[in-house]
Amino acid sequence: MEDLGPVAWPPEPIRTERLVLREPGTRDRAAFIELLASPEVHTYLGGPRPRDELERETFEVPEGWPGSFVVDLDGSMIGQILLRRATGHRRPAAAGKADLGYLFLPRAWGCGYAAEACAAALGWLAGVLPGEPVVLTTQTANVGSMRLAAKLGFTEVERFEAWGAEQWLGMRSPVTPST
């Protein structure tokens with residue numbers, strides 16, 4: 001995966017009704033470690049990373065790159081949105097397109113935060129890269145992620161086997177203004 005290319009970064013924080021999407025800061029380190037070490041978060045992502053390894057390897061200010069947003073609720077990180085260029089993707093239909101990924105701490109699940117944050121990030125992307133199609137890949141067993149993909153307007157391109165499970169590749173076509 002690569003960053004999105006010629007996008008000015010970081011943007012001004014993106015504010016929604018309840019959330020702020022912003023670049024990572026020092027205060028986010030513990031939440032990043034919690035996110036990457038969580039067995040619940042990584043149920044469909046190959047399992048969590050060992051906490052001691054994350055403690056050693058995570059920088060004081062967690063790494064940020066164009067398209068990587070901290071999702072902030074009331075001053076605390078509850079998740080991360082990733083928008084990257086899909087390069088070397090297993091599926092030709094995804095290659096070269098913007099790829100949406102997201103991780104949220106379990107305490108933030110079921111509140112609509114993922115839909116709100118992803119919609120805001122997709123709106124930002126549409127502003128900086130108009131006409132850019134976006135892909136999303138998830139395991140079909142991940143019912144919550146499948147629901148979110150549908151809510152965000154992704155439609156199925158294909159299903160395929162990878163990492164020992166059935167995967168779903170969806171695409172969100174660019175919104176074109178009405179004439």
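What FRET efficiency, computed as 1/(1 + (r/R0)^6) with R0 = 35 Å and r the Cβ-Cβ distance, is obtained for Ala141 and Trp9, rounded to the nearest 0.05? Working from the Cβ atoms, E equals 0.55.
Based on Cα atoms of segment 14-172, Rg over Rh with Rh as the Kirkwood radius reads 0.94. Cβ crowding within 10 Å, taken as a proxy for footprinting-reagent exposure, orders Trp9, Trp168 from fewest neighbours to most as Trp9, Trp168. Close amide H partners of Gln139, meaning residues 5 or more places away or on another chain with modelled amide H under 5 Å apart, are Trp168.
With the cut-off at under 17 Å, measuring from each backbone N in segment 13-37 to a point 7 Å along the Cα-to-Cβ line of Glu55 picks out 29-37.
Backbone phi angles across segment 65-74, fed through the Karplus curve with coefficients 6.51, -1.76 and 1.60 (θ = phi - 60°), yield HN-Hα couplings of 8, x, x, 9, 10, 7, 9, 10, 10, 6 Hz in residue order; Gly and Pro are listed as x. Find the all-direction average of the projected area of the Cα convex hull for segment 3-80, expressing the result in square nanometres with one decimal place. Averaged projected area of segment 3-80's Cα convex hull equals 6.0 nm². Volume of the convex hull of segment 128-179 (Cα atoms only), normalised per residue: 86 Å³. In order along segment 145-155, the phi-based Karplus estimate (6.51 cos²θ - 1.76 cosθ + 1.60, θ = phi - 60°) of 3J(HN,Hα) comes to 5, 5, 4, 4, 4, 5, 4, 7, x, 7, 10 Hz; Gly and Pro are listed as x. Remark on Trp9: its backbone amide H falls under 5 Å from none of the residues 5 or more positions apart or on other chains, H modelled at 1.01 Å from N. Amide H contacts for Asp99 (H built 1.01 Å from N in the peptide plane; partners 5 or more residues away or on another chain; cut-off under 5 Å): Arg84, Arg85, Ala86, Val135. Residue-wise HN-Hα couplings along segment 114-123, as the Karplus relation 6.51 cos²θ - 1.76 cosθ + 1.60 with θ = phi - 60° gives them from phi, are 4, 4, 5, 5, 5, 4, 5, 5, 5, x Hz; Gly and Pro carry x.
We did not get these values from a lab; they are worked out from the coordinates using the rules stated. Here the structure is a predicted model, which means the values were calculated and not measured. Positions of Cβ are backbone-derived with ideal geometry, glycine not excepted, and every protein chain shown enters the neighbour counts.
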